[in-house]
1. Six or more apart or on different chains, Cβ under 6 Å: which pairs go from a residue in region 19-30 that's without any contact (Cβ under 8 Å) to a residue 60 or more places away in the chain to one that's loosely packed, with under 13 Cβ neighbours inside 10 Å? Could you list them?
2. Would you call Ser35 surrounded by 10 or more Cβ atoms within 10 Å (Cβ to Cβ), small (Gly, Ala, Ser) and assigned to a loop (DSSP other than H, G, I, E, B)?
3. Is it true that Val87 is outside any helix (DSSP H, G or I), touching an Asp or Glu at 6+ places or on another chain (Cβ under 8 Å) and either β-branched (Val, Ile, Thr) or surrounded by 15 or more Cβ atoms within 10 Å (Cβ to Cβ) (or both)?
4. Check off (1) within 13 Å of the chain's Cα centre (by Cα); (2) at pLDDT 85 or above; (3) of a type outside the set (S, T, N, Q) for Leu37 and give me the number that stays unchecked.
Amino acid sequence: MRKLISNPVFISDRAEILQMLMLEPKLAILDETDSGLDVDAVRTVSKGVQLYRERVHGSLLIITHSTRILEALTVDAAHIMEQGVIVKNGDASLVDTINENGFGGIRAD
């Protein structure tokens, strides 16, 4: 969808969230939706994601390098991938661990 929209990134990301709300897929994959967004824009996108969860009760796979978008959402599970391999699985507390210590100290058990 990004290729069809020539507006700034924030408008594009809002359009993707709107499309997700309209199509109501059972599974939505958000690939770096928060990339390049300021704090207010991340909040807006997070509200759209929350609305999706309330209306559709679908599953979300959120791919991100930042935990900002996750802080505003209820996280059921978190996974860390390095070089295409999942090196750590956890619950929402894994997000807190990343925020406190960064990715550097996290490895598979």
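The values are calculated or read from the model by the stated rules, or taken from the named source; none is laboratory data. Not measured: the values here are computed from a predicted model. Positions of Cβ are generated from backbone atoms using ideal geometry, with glycine treated the same way; all protein chains shown enter the neighbour counts.
1. If the second residue must be loosely packed, with under 13 Cβ neighbours inside 10 Å, the pairs left are Leu27/Ser59; Ile29/Leu61.
2. Yes.
3. Spelling it out, it is not the case that Val87 is outside any helix (DSSP H, G or I), touching an Asp or Glu at 6+ places or on another chain (Cβ under 8 Å) and either β-branched (Val, Ile, Thr) or surrounded by 15 or more Cβ atoms within 10 Å (Cβ to Cβ) (or both).
4. In the conditions (1) within 13 Å of the chain's Cα centre (by Cα); (2) at pLDDT 85 or above; (3) of a type outside the set (S, T, N, Q), Leu37 misses (2) alone.
Yes/no matrix, rows are residues, columns are (1) of a type in the set (Gly, Ala, Ser); (2) in contact with a Gly (Cβ under 9 Å, 6 or more places away or on another chain); (3) within 20 Å of Met22 (Cα to Cα):
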| residue | (1), (2), (3) |
| --- | --- |
| Gly48 | yes, no, yes |
| Arg55 | no, no, yes |
| Val75 | no, no, no |
| Ala78 | yes, yes, no |
| Gln83 | no, no, no |
| Asn89 | no, no, no |
| Val95 | no, no, no |
